[in-house]
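This report refers to the structure that appears directly beneath it.
None of the figures in this text is laboratory data; all of them are computed from the coordinates on show. This is a predicted model, so every value here is computed, not measured. Every residue, glycine as well, gets a Cβ built from its backbone with ideal geometry; the counts of neighbours run over all protein chains shown.
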Amino acid sequence: MSALTFTLKAPLQQRVDVSPLTPDQLADKSVAEIAAITLVSGRQQLRVDQVFDISGDDANDIIFAQASRKLDYIGQKMNGGRITINGGAGSYLGLQMRKGEIVLNGDADAFAASGMAGGTLHINGSVGDFLAAALPGDRKGMKGGVVIITGNAGERAGDQMRRGIILIEGNVGAYCASRMLAGTIGVLGTVGDYLGYGMRRGTLLLTQEPKLHATLQDCGTHTLPFLSLMFKSFANFPSKFASLKQNRVQRYAGDIANDGKGEILVLK
Amino acid sequence: MIINGVTIDDTFAEAFGMRGTRVIITAQNLRWAYNAARAMTGFATSVIACGVEAGIERELSPEETPDGRPGVSILMFAMSSAVLIKQLETRMGQCVLTCPTAAAFSGIDEGYAEITKINLGKNLRFFGDGFQTSKLFNGKRYWRVPVMDGEFLTEESTGMIRSVGGGNFLILAESQPQALAACEAAIDAMSKVPNVIMPFPGGVVRSGSKVGSKYKALIASTNDAFCPTLKGITKTELSPEIESVMEIVIDGLTDPDIRVAMRVGIAAACELGAKNGIKRISAGNYGGKLGPYHFKLREIMA
C-alpha cells in the first residue's frame with residue numbers, strides 16, 4: 001500500500017473545501033468512489049478528480065501534493081491517521097481535529113487548529129491569524145492536542161484556547177493568548193502587543209522579555225518544578241522546544257482585569 | 001528441612017488480600033525526599049490501629065523520577081479501598097504537602113491486570129484557594145498549588161491494585177541479641193527486593209499476636225505459645241533452648257513478590273546459622289482458615 005496522494009491538477013482560482021478528504025472518511029472507499037466525492041468551491045460543486053490527480057490507496061496516510069493556500073478545511077474533524085501537505089494550506093487547517101497527525105510543509109492561513117481536541121498538528125512554516133482560536137460565536141478555541149509551528153504565527157494566536165499545547169518557534173503577532181482559558185503556549189521568538197489580553201488562566205512561555213500592558217503583574221523570579229515535567233514532555237517533539245532545560249523564570253500573572261489566574265513565564 | 005543448622009518448620013505463613021498503592025516522592029535532595037516519605041509512612045505498622053501499613057520501598061535516582069529530582073518510592077496497603085483512599089489523602093496532605101520542596105507522583109500506571117485510579121493530589125489542590133492551576137502532560141494531570149516555599153507539585157491520581165499483606169516468618173534464637181542480629185541481616189537483604197515493604201519498626205515485630213484474648217474488649221493478644229518466658233506455664237511452641245523470637249511481616253504488591261522477599265530474608269537469617277544461635281524458622285498462621293494466601297516455608301526454600 002502506498003500513500004493516497006492528491007496532486008493538484010492546476011492552480012486554483014477559487015477556494016475549495018476539502019474537508020471530506022480525511023483518513024476516517026475515505027477508509028474502505030475505492031479510488032473510483034473517492035474520485036466521485038463532491039467538493040464545494042464557492043458556488044460550484046466539483047468532483048475530486050476534477051481538482052486532483054489521485055494515486056495510491058492507503059487512506060490512512062493521505063498526501064496533498066503541490067497543495068495551495070486555497071485548500072480550506074484540510075483534516076477537519078479528523079479522527080485518526082495521517083495527512084501530509086506539501087505546498088501550503090488554506091484556512092481552518094485541522095479544524096476540530098480529534099486524533100491523528102497532520103504535517104504541513106508550507107504555510108497556512110487563518111484559524112489553523114481552531115477547535116482542535118486532540119492529535120498533533122505540525123507546521124513546517126508559518127500560520128495566519130487566529131491560530132487555535134475560537135470561531136466567531138464559539139466560546140472555546142483549541143481544546144486539546146499539540147501544535148508545533150516552526151515559523152511565525154499571526155495575531156490572536158490561542159484566543160479563547162481551553163487546553164492543549166502550542167509551540168511556536170518563530171514570532172507571534174499582537175493579542176497572543178487573548179482571552180485564554182487554559183493550556184500552554186510557548187514562543188521562542190518575539191510576541192506582539194497586548195499579549196495575554198483578557199487572559200483568565202493558562203501558561204504563556206516566552207524566551208524574550210515582552211512588552212506588557214498594565215493589567216499583567218510581575219510576580220518575581222522563580223524556579224518552578226512543573227517546568228521540568230513540561231520540558232520532559234516536550235523532549236520527543238520534533239521541535240527546538242525539545243532542548244529546553246532550565247526552569248528559572250520571571251513570572252507575570254494576569255490579566256487581572258479578567259480573573260488574573262493566567263501566567264506569562266519568561267525564561268531567564 | 002535444615003539449612004546451615006537452622007530447622008525450617010513444616011508450616012506456612014497465612015496472608016490476606018489487601019489494596020496497595022505506590023507513590024513516588026521527590027524533593028530537592030534525598031534528605032528532604034526521605035523527610036516527606038518517613039512522615040508519610042510513619043505510624044503505619046499495622047492495619048489494626050494505624051489504618052494502613054506503609055513503608056519506603058527504595059531510593060530513586062534522578063533519572064528514574066518524573067521530575068528529574070532525587071526521590072523515594074513508598075508502598076501503602078490497607079484492608080479496603082475506602083481506607084486506603086482516605087489514608088492516602090490525609091497522609092499526602094499532612095506529610096507531603098507540608099514538606100519543603102517535596103512533590104508526589106503516581107507509582108503505578110501499568111503492568112498490572114486491574115488498576116484503579118485513586119486520588120493523589122486531586123483534593124489537595126483546594127488548599128490553593130483558587131490560585132491552584134493544573135497542567136496536562138502526556139495524558140497525565142498535575143496540580144500546582146502555591147505554597148510558601150514556592151509551588152507544591154503533585155500528580156492528580158495514582159494507581160491502586162489488589163495486593164497481598166501479612167506474609168511473615170519467625171526467627172527463633174538462643175538469645176535476644178542473636179535473634180535481633182538475624183533479623184537485621186534478613187531486613188538488609190529484603191530491603192533490596194522490589195514491590196515489598198516490611199512495615200514494622202525497622203522491619204521487625206516482637207509482639208506477634210494470636211486471635212482473641214481473655215479480655216472481652218480485645219480482639220488480639222500476645223502469642224503466648226511463642227513467648228519464651230512462659231515456656232513452663234502455657235502450651236508452648238518453643239523448645240528449651242529458645243530464648244527469643246522475632247517476626248518479620250511482609251506486604252507486597254503481588255503473591256510472587258512476597259515469596260521472593262521471604263526466601264531472601266530466610267536465607268539471610270540462615271546464613272548466620274546454628275553457630276550464631278539461630279535455631280528455627282517458623283511462620284504465623286491461623287490454621288489456614290482466614291487468609292487465602294498460604295506461603296509454605298519449605299516450598300519457598302526448596
Check your understanding: Quick one: net charge of A:Arg82's neighbours, Cβ under 12 Å, K/R +1, D/E -1?
Key -> -3
Check your understanding: Can you flag which of A:Lys29/A:Lys140; A:Lys143/A:Lys245; A:Lys245/B:Lys135; A:Lys77/B:Lys122 are past 22 Å Cα-Cα?
Key -> A:Lys29/A:Lys140; A:Lys143/A:Lys245; A:Lys77/B:Lys122
Exercise for review: Kindly point out which whole DSSP H helices in chain B project their C-alpha atoms 30 angstrom or further along the helix axis while averaging a Kyte-Doolittle hydropathy of 0.0 or above.
Suggested key: none
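Loop only by DSSP, 14 or fewer other Cβ within 10 Å of the Cβ. Give me the trypsin sites (Lys or Arg not before Pro) in region B:212-262 that pass, ordered by residue number.
Answer by residue number: B:Lys214, B:Lys216, B:Lys235.
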Check your understanding: What is region B:18-161 by shape, rounded, prolate or oblate, if you read a ≥ b ≥ c off the alpha carbon gyration tensor as root eigenvalues and call it rounded for a/c under 1.5, prolate for a/b larger than b/c, and oblate otherwise?
Key -> rounded
**Study point:** Mean separation of Cα contacts under 8 Å (6+ apart) over length of chain B, as relative contact order %
**Key:** 26 percent
Check your understanding: For B:Gly51, what charge total do you get from the other residues with a beta carbon under 10 Å from its beta carbon, if Lys and Arg give +1 and Asp and Glu give -1?
Key -> +1
Practice item. Taking the Cα centre of the protein assembly as shown as origin, work out the dipole magnitude from +1 charges on Lys and Arg Cβ and -1 charges on Asp and Glu Cβ, in debye rounded to 20. Key: 1000 debye
Exercise for review: Counting only C-alpha contacts under 8 Å and six or more residues apart, can you give the relative contact order of region B:18-161 as a whole percent?
Suggested key: 27 percent
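For a quick check of your reading of the filter: which chymotrypsin sites (Phe, Trp or Tyr not before Pro) in region B:208-302 sit in a DSSP loop and have no more than 16 other Cβ atoms within 10 Å?
Of the chymotrypsin sites (Phe, Trp or Tyr not before Pro), the ones in loops of region B:208-302 whose Cβ has at most 16 other Cβ atoms within 10 Å are B:Tyr215, B:Tyr286.
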Review point. Any idea how far the Cα center of region A:218-234 sits from the one of region B:168-201, in Å?
Key: 43 Å
Exercise for review: Run the quick spin-label model on B:Met301 and B:Ala82: label points 7 Å from Cα toward the beta carbon, then report their separation in nm to one decimal.
Suggested key: 4.2 nm
Check your understanding: When Lys and Arg each count +1 and Asp and Glu each count -1, what net charge do the other residues less than 15 Å away from B:Glu89, Cβ to Cβ, add up to?
Key -> +4
Check your understanding: How many partner chain Cβ atoms sit within 10 Å of a residue's Cβ in peptide B:134-142, on average, as a whole number?
Key -> 5
Study note, to complete from the structure: In degrees rounded to 10, the 0-90 angle between helix A:225-234 Cα long axis and the longest Cα principal axis of chain A is 20 degrees
Check your understanding: Once Lys and Arg get +1 and Asp and Glu get -1 on their Cβ, which of A:Ala253, B:Ile278, A:Gly158 lies farthest toward the positive end of the dipole of the protein assembly as shown?
Key -> A:Ala253
Practice item. Once you have a ≥ b ≥ c as the square roots of the Cα gyration tensor eigenvalues for region B:176-302, tell me rounded if a/c is under 1.5, and otherwise prolate or oblate according to whether a/b is larger than b/c. Key: oblate
Practice item. Output the antiparallel fraction of DSSP beta bridges having both residues in the protein assembly as shown, as a percent to the nearest 5. Key: 60 percent
Revision key, fill the gap. Output for chain B (equivalent-ellipsoid semi-axes, sqrt of 5λ from the C-alpha gyration tensor, Å, descending) is 39, 19, 17
Practice item. Please state, as a whole number in µm²/s, the translational diffusion coefficient that the Stokes-Einstein equation yields for the protein assembly as shown at 25 °C and 0.890 mPa s, with Rh defined as the Kirkwood radius across alpha carbon pairs. Key: 89 µm²/s
Point to revise | chain A, relative contact order in percent, only Cα pairs under 8 angstrom and at least six apart counted | key: 10 percent
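Could you give the alpha-carbon Rg of region A:95-191 over 2.2 N^0.38 Å, rounded to two decimals?
Ratio of Rg to 2.2 N^0.38 Å for region A:95-191: 0.90.
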Exercise for review: Check each of the trypsin sites (Lys or Arg not before Pro) in region A:195-249 and keep only those in coil by DSSP with at most 15 other C-beta atoms within 10 angstrom; list them in order.
Suggested key: A:Lys211, A:Lys245
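Just the C-alpha atoms of region A:1-96: what Rg/Rh do they give, with Rh taken as the Kirkwood radius?
Values: Rg = 11.8 Å, Rh = 12.9 Å.
Ratio value, two decimals: 0.91.
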